[in-house]
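The values are calculated or read from the model by the stated rules, or taken from the named source; none is laboratory data. Please read all numbers here as calculations on a predicted model, not as lab measurements. Positions of Cβ are generated from backbone atoms using ideal geometry, with glycine treated the same way; all protein chains shown enter the neighbour counts.
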């Protein structure tokens, strides 16, 4: 209980957490004021500074070996709001910073306003929303109470929805509206759960709530409402209907942000709730149901991805499938294999984030070069864009789970947790999913390797730095499996369930 | 039945009606109204919780009211964003139904035509 008493106080460096949230939003406002081509410069300054802050947070976490905390205004819970970053949060913040950086490099090409060109609204909106997505995600990761999580999720929705309809076409407006409606009902259900928990236990703080909560009809109702709300936002099967049109219709840089990062925000909330808040009381059949939906998502998403005729829709359905893997950790984490399952799930989230961003950006480059993204007619793409196709293949290898990719390590941890707890059927689903994923990845790569038609020339020469950004991101995801060589399990630093003395 | 129970049941009814409306109506404007109905139910539930704080001898619990005001502002902004998207979409296509011509199920086709 000593850890519980300490959770209300700030730790050295805690202010960095507030900065990690504030800086992107400050950058967004600072970019909005001058507008036009200045927004891009302000966004870049913010991104460089923000990556520095996230690295500093990670360094402090490693040195202290304990979670960073910051009590806003010096008020301790239950009345005050505490920001808290444990190993899980910091890992997610790092990958978000990397993906945001790579997407920003890519977007210099698609949303840049070089001197001499007219300023347009879409680039301005993109750079500001990029910062807004980043700030909202950082707030999701460092929130120490369930109501701040609600606010963070709403910020994330408001930043994500306009990204879908950046080009203002009727289809994308419809996709954005559908996404917004799913997200809104999801957050209302979540909010009802928050109010019920406050009414019963008198606190919103995650650490205090975990100590007070007990099984009962009210707690069960709250779990059901909050989880259902988050599933709608994360697009877990069968609530995935909004995702493919929204993610496939957006411009490539925006798709990468939405598919790689935005859906992870609400997934992270489910992990926080199920592992940290309701850790002792959920499990058994409920967790099996959640993972069952995940398994359905893997099978359905992969099979539907195989039947797509357009590359971006294929990648979007692949996201539907990969979201399924993220939910397999719950029945595994409910038993004594908790650490391994949570680390596996986190690795899956991280490797999917980097791989899927690389895939969408690669699809964007292929689209610019060929002038279309019809799967039947991808020939010549490999000749024109060798680096990009390599990136696509590396990212695909991560999604399939080939060693030494991050996806391999994640699936290895999840599968060994599944076998150790005697739940072999989840291991079977993961293997089958990997097999189906490999079919569509190879299909795309093989078609793109075909020689171009005689006399064919690229519609547009894409800049090399865009190709390097995509390849860099894909290489990150492919080499993430080397994380197994790290001396400490970074994800588990400062977790409340683990006695502090046990961590280095 | 005391006041808390009455308001609690009203809140539950509002949430139920709102979720029902959100699922069955193909028109986005009605969906947004249904979302607001759900929201009002949730906010009423929060107010009941604040009122119960008064039952413990205090003059009401201020924390739920602070949460409530935040949530109302957020849901107002959400409705505004949804209406903005709808207006833009109406300006582009002249239709305001979420069931597009190509993905409408056979049963929905008639309602879709009416909506136009």
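Across the range A:91-127, the number of residues qualifying as out of contact with any strand residue (DSSP E or B) (no Cβ under 8 Å at 6 or more places or on another chain), outside any loop (DSSP other than H, G, I, E, B) and touching a residue at least 40 places away in the same chain (Cβ under 8 Å) comes to 25.
Restrict the check to the range A:201-218 and report whether at least one residue is touching a helix residue (DSSP H, G or I) at 6+ places or on another chain (Cβ under 8 Å), within 12 Å of chain B (Cβ to nearest Cβ), closer than 30 Å to residue A:296 by Cβ and part of a helix (DSSP H, G or I). Yes: one or more hits. Give me the helices (runs of 4 or more DSSP H) completely within the range A:357-438, filtered to those with at least 2 residues that are within 30 Å of residue A:452 (Cα to Cα) and in the same structural domain as residue A:468 (by TED's automatic domain parsing), ordered by residue number. Those helices (runs of 4 or more DSSP H) span A:381-384, A:386-400.
Filtered by the rule that a residue be in contact with a helix residue (DSSP H, G or I) (Cβ under 8 Å, 6 or more places away or on another chain), surrounded by fewer than 22 Cβ atoms within 10 Å (Cβ to Cβ) and part of a helix (DSSP H, G or I), the range A:24-36 gives A:25, A:26, A:30, A:32.
With the structure loaded, tell me whether residue A:371 is in contact (Cβ under 8 Å) with a residue 12 or more places away in the chain and within 19 Å of residue A:474 (Cα to Cα) or whether it fails that test. Considered against the rule, which asks whether it is in contact (Cβ under 8 Å) with a residue 12 or more places away in the chain and within 19 Å of residue A:474 (Cα to Cα), residue A:371 comes out as no.
Of all residues in the range A:439-464, those that are surrounded by 13 or more Cβ atoms within 10 Å (Cβ to Cβ) and part of a helix (DSSP H, G or I) total 10.
Condition check ((1) at the interface with chain A (Cβ under 9 Å from one of its Cβ atoms); (2) modelled with pLDDT under 90) across all residues:
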residue: B:20; (1), (2): no, no
residue: B:26; (1), (2): no, yes
residue: B:37; (1), (2): no, no
residue: B:41; (1), (2): yes, no
residue: B:48; (1), (2): yes, yes
residue: B:61; (1), (2): yes, yes
residue: B:64; (1), (2): yes, yes
residue: B:71; (1), (2): yes, no
residue: B:79; (1), (2): yes, no
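Within the range A:167-184, the residues that satisfy the criterion of being crowded, with 24+ Cβ neighbours inside 10 Å, within 8 Å of chain B (Cβ to nearest Cβ) and in contact (Cβ under 8 Å) with a residue 40 or more places away in the chain are A:174, A:176. Taking the listed residues B:30, B:88, the one that is facing another protein chain (nearest Cβ under 9 Å) and farther than 29 Å from residue A:80 by Cα is B:88, with no other qualifying. The residues of the range A:185-200 that are closer than 13 Å to residue A:242 by Cβ and facing chain B (nearest Cβ under 9 Å) amount to a single one, A:185. Selection of the range A:301-320 for residues being more than 21 Å from residue A:372 (Cα to Cα) and surrounded by fewer than 24 Cβ atoms within 10 Å (Cβ to Cβ) yields only A:303.
From A:133, A:140, A:161, grab the single residue that is facing chain B (nearest Cβ under 10 Å), in a helix (DSSP H, G or I) and touching a residue at least 12 places away in the same chain (Cβ under 8 Å).
A:161
Under the condition of being under 15 Å from residue A:393 (Cα atoms) and over 12 Å from the mean Cα position of the chain (by Cα), the residues counted in the range A:321-363 number 6.
Per-residue answers, yes or no, for (1) surrounded by fewer than 15 Cβ atoms within 10 Å (Cβ to Cβ); (2) within 14 Å of chain B (Cβ to nearest Cβ); (3) over 20 Å from residue A:144 (Cα atoms):
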position	(1), (2), (3)
A:38	no, no, yes
A:48	yes, no, yes
A:52	yes, no, yes
A:57	no, no, no
A:61	no, no, no
A:68	no, no, no
A:75	yes, yes, no
A:79	yes, yes, no
